[in-house]
Amino acid sequence: MSLTSFSFPTPTLFGAGTIRELPGRMERLGIRRPLVVTDAGLARTEAFSLLARVLGEDRQGRDWHLYAGVHPNPIESDVKEPAALFRSSNCDGVIAVGGGSPLDAGKAARLLVKRPGFDLHQFYSESDWSGLAPFIAIPTTAGTGSEVGRSSVITLDATHRKAVLFHPELLAKLVILDPELTTGLPPKLTAATGADALTHCIESFTCQQFHPMCDGIALEGIRLVVEALPRAVSDGKDLDARGKMLVAAAMGAVAFQKDLGVVHSLAHPLSSLCGMHHGLANALCLVAGMRFCALRKPGLYRRVGMACGLDLHSAPDSEADSKTIEFVGTFLRGIGLGTKLSDHGVRRDQLEALTLQAVDDPCHKTNAVPVSVEDFRRLYQECL
Ligand SMILES: NC(=O)c1ccc[n+]([C@@H]2O[C@H](COP(=O)([O-])OP(=O)(O)OC[C@H]3O[C@@H](n4cnc5c(N)ncnc54)[C@H](O)[C@@H]3O)[C@@H](O)[C@H]2O)c1
Ligand SMILES: [Fe+2]
């Protein structure tokens with residue numbers, strides 16, 4: 001058995017209304033003048049107004065500062081600009097609020113606060129990232145789980161590809177999971193972000209690494225998504241469903257410290273080359289990815305199906321897989337995600353470029369079965 005390290009360290013506050021704990025918690029962390037990092041869309045939502053009220057609307061520009069320019073699928077300027085504002089405003093901590101995009105940008109901005117002008121392309125040549133500014137993560141989508149993760153996914157200028165900047169020092173000092181902040185998320189984004197959480201749980205459970213703690217967390221995450229996501233999509237104000245989805249998303253991300261698989265390698269180029277939302281990209285590739293793995297490793301999805309509520313104890317391997325995959329397909333269609341890549345503007349002439357990026361993506365290296373360039377080509381064609 002190879003050496004493995006286990007670590008689940010992020011302090012997390014959960015529950016409707018927990019956002020009101022923020023000022024007291026900031027004080028304990030020594031944050032007096034935070035930079036709030038978000039995106040322009042979120043800055044116009046009731047979720048953001050709630051946060052602004054908690055921080056004191058009239059104190060913005062004095063006791064707290066705002067950077068609201070993060071792009072979906074963040075790029076390097078989304079890291080550079082808040083870092084520059086942090087320094088010029090003498091901030092002492094970062095609060096990122098929003099989906100995975102502002103969370104990743106806010107998380108990584110601290111790198112450039114510590115080392116102004118640093119070339120993020122050289123991230124892995126630098127090992128000492130100690131002493132980063134304290135970071136509080138407040139997700140308003142329930143999908144990426146970036147709030148509990150050590151990585152930040154940024155599309156770098158040098159490569160135009162998504163780079164995963166991974167370092168334990170990137171971890172948040174505090175996570176606030178307040179379902180009230182997610183009630184305004186529209187059904188389509190609720191479904192797509194929830195599909196990301198589901199994909200994290202399925203891929204981390206089935207990938208090759210040894211991590212039984214993550215496996216247990218992934219299976220319970222799947223159960224929660226199956227129970228709560230359809231309700232969160234059909235009634236955005238269902239606080240119980242919203243809360244369960246926030247927890248499931250965080251669990252998915254804890255689980256994927258184990259690693260991910262082929263579906264995420266298919267999804268990443270769809271965002272960097274076609275601008276597709278990350279969760280949607282996963283949703284459109286999930287069934288094909290599962291089918292591909294099940295054919296080569298029969299029985300792989302039995303426990304996934306059982307976590308979905310299917311009785312598969314005595315089913316033969318191939319039946320356990322096919323019933324699970326059928327369930328996932330029906331589940332995705334039920335929340336409006338039964339479409340093809342071409343329905344979202346992806347063209348046949350883009351498939352080769354997508355394939356070449358996917359094969360370079362690190363996620364499939366730990367997939368349950370090996371994936372070749374020809375496999376990626378066929379999988380994209382199947383999803384088109
Ligand atoms: N760091 C990680 O571990 C990790 C894991 C998976 C994905 N990611 C990254 O996360 C990003 C995707 O994040 P996402 O899926 O959360 O989407 P997102 O952050 O890009 O947000 C999508 C849209 O939802 C809106 N929105 C967010 N919360 C809202 C709310 N409560 N009400 C109304 N609108 C709201 C935003 O304004 C935005 O327009 C991608 O860049 C992906 O690569 C990171
Ligand atoms: Fe993801």
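Cα-based Rg of the chain per 2.2 N^0.38 Å, rounded to two decimals?
On the way: Rg = 20.1 Å, N = 384, 2.2 N^0.38 = 21.1 Å.
Scaled against compact globular proteins, the figure is 0.95.
On a straight-distance basis, which lysines could pair with residue 340 in a cross-link, Cα separation under 27 angstrom, same-chain partners fewer than 8 positions away excluded?
Partners found: 162, 188, 297, 323, 365.
Taking 0.36 nm per residue of separation and subtracting the Cα-Cα distance, what length does fully extending residue 209 through residue 46 add?
On the way: separation 163, 0.36 × 163 = 58.68 nm, distance 4.11 nm.
So the extension gain works out to 54.6 nm.
In a Gaussian network model over the chain where Cα atoms closer than 10 Å are linked, find which of 56, 305, 143 has the largest mean-square fluctuation.
56
If you average 1/r across every pair of different Cα atoms in region 89-139 and take the reciprocal, what Kirkwood value do you get, in Å?
Over region 89-139, the inverse of the mean reciprocal pair distance is 11.7 Å.
I want to check the label-to-label distance for residue 127 and residue 33. Put each point 7 Å from Cα in the C-beta direction and report it in nm to one decimal.
So the label points at residue 127 and residue 33 sit 3.5 nm apart.
Any idea what angle helix 373-383 forms with the longest principal axis of the chain, computed on alpha-carbon atoms, 0 to 90 degrees, nearest 10?
Rounded to the nearest ten degrees, it is 90.
Given the DSSP H assignment, sum -39500 (n - 2.57) over each helix run of at least 4 residues in the chain and divide by its residue total; what's the result at 222 nm in deg cm²/dmol, nearest 500? Could you put the intermediate results ahead of the total?
On the way: 14 runs with 185 residues, N = 384.
The helix contribution divided over the chain gives -15500 deg cm²/dmol.
Based on Cα coordinates alone, diagonalise the gyration tensor for region 2-142, multiply each eigenvalue by 5, take square roots, and list the semi-axes in whole Å, largest first. Numbers along the way, then the final one.
Details: eigenvalues 112, 72, 48 Å².
After diagonalising the Cα gyration tensor, the semi-axes are 24, 19, 16 Å.
Report the one residue of 29, 181, 141 whose Cα lies farthest in the direction of the positive end of the charge dipole of region 12-182 (charges on C-beta: Lys and Arg +1, Asp and Glu -1; origin at the Cα centre).
My answer, from the dipole projection, is 29.
Cut-off 10 angstrom, C-alpha nodes, Gaussian network model of the chain. Which of 225, 148, 346 fluctuates the most?
For the chain, modelled as a Gaussian network with Cα springs under 10 Å, the answer is 346.
Taking springs between alpha-carbon atoms closer than 10 angstrom, which of 299, 61, 145 fluctuates most in the Gaussian network model of the chain?
Sorting by GNM fluctuation, first place goes to 61.
Would you mind calculating the gained length between residue 353 and residue 115 on full extension (0.36 nm times residue separation, minus the Cα-Cα distance), in nm to one decimal? Write down the numbers at each step before the final one.
Details: separation 238, 0.36 × 238 = 85.68 nm, distance 3.40 nm.
Between residue 353 and residue 115, full extension yields an extra 82.3 nm.
For a footprinting-style exposure proxy, rank 174, 356 by other Cβ within 10 Å, fewest first.
Lowest count first: 356, 174.
Charges on Cβ only, +1 for Lys and Arg, -1 for Asp and Glu, centred on the Cα centroid of region 187-383; of 194, 236, 298, which one is farthest towards the dipole's positive end?
236
Hey, got the dipole for region 12-182? About the Cα centre, +1 on K and R Cβ, -1 on D and E Cβ, debye to the nearest 20?
In total the dipole reaches around 280 debye.
Dipole size in debye (nearest 20) for the chain around its Cα centre, Lys and Arg Cβ +1, Asp and Glu Cβ -1?
Details: 39 positive and 42 negative charges, 62 e Å.
Magnitude of the dipole: close to 300 debye.
Rank these for me by crowding, 12, 182, going from fewest to most other beta carbons within 10 Å. Can you show the working numbers first?
On the way: 12 17, 182 26.
Ascending Cβ contact count within 10 Å gives the list 12, 182.
Arranged from highest to lowest average of other beta-carbon atoms within 10 Å per residue, in what order do the peptides 74-83, 246-255, 196-205 appear? Let's see the in-between values first.
Numbers: 74-83: 22.4, 246-255: 27.6, 196-205: 29.9.
Descending mean neighbour count gives 196-205, 246-255, 74-83.
Write down the Kirkwood hydrodynamic radius of region 169-322, to one decimal in angstroms, obtained as one divided by the mean of 1/r over all alpha carbon pairs.
Hydrodynamic radius (Kirkwood, Cα pairs) of region 169-322 is 16.0 Å.
Just to confirm the filter: which chymotrypsin sites (Phe, Trp or Tyr not before Pro) across region 1-96 are DSSP coil and have at most 10 other Cβ within 10 angstrom of their Cβ?
Loop-located and lightly packed - 6.
Looking at the chain, what % of its DSSP beta bridges pair antiparallel, to the nearest 5? Spell out each step's value before the answer.
Details: 5 of 24 bridges.
Around 20 percent of the beta bridges assigned by DSSP in the chain are antiparallel ones.
Computed from the coordinates by the stated procedures, all read-outs in this text should not be read as laboratory data. Note that the coordinates shown come from a computational prediction; the quantities given were computed from them, not determined experimentally. Reconstructed Cβ throughout: ideal geometry from the backbone, glycine too, with neighbour counts over all protein chains shown.
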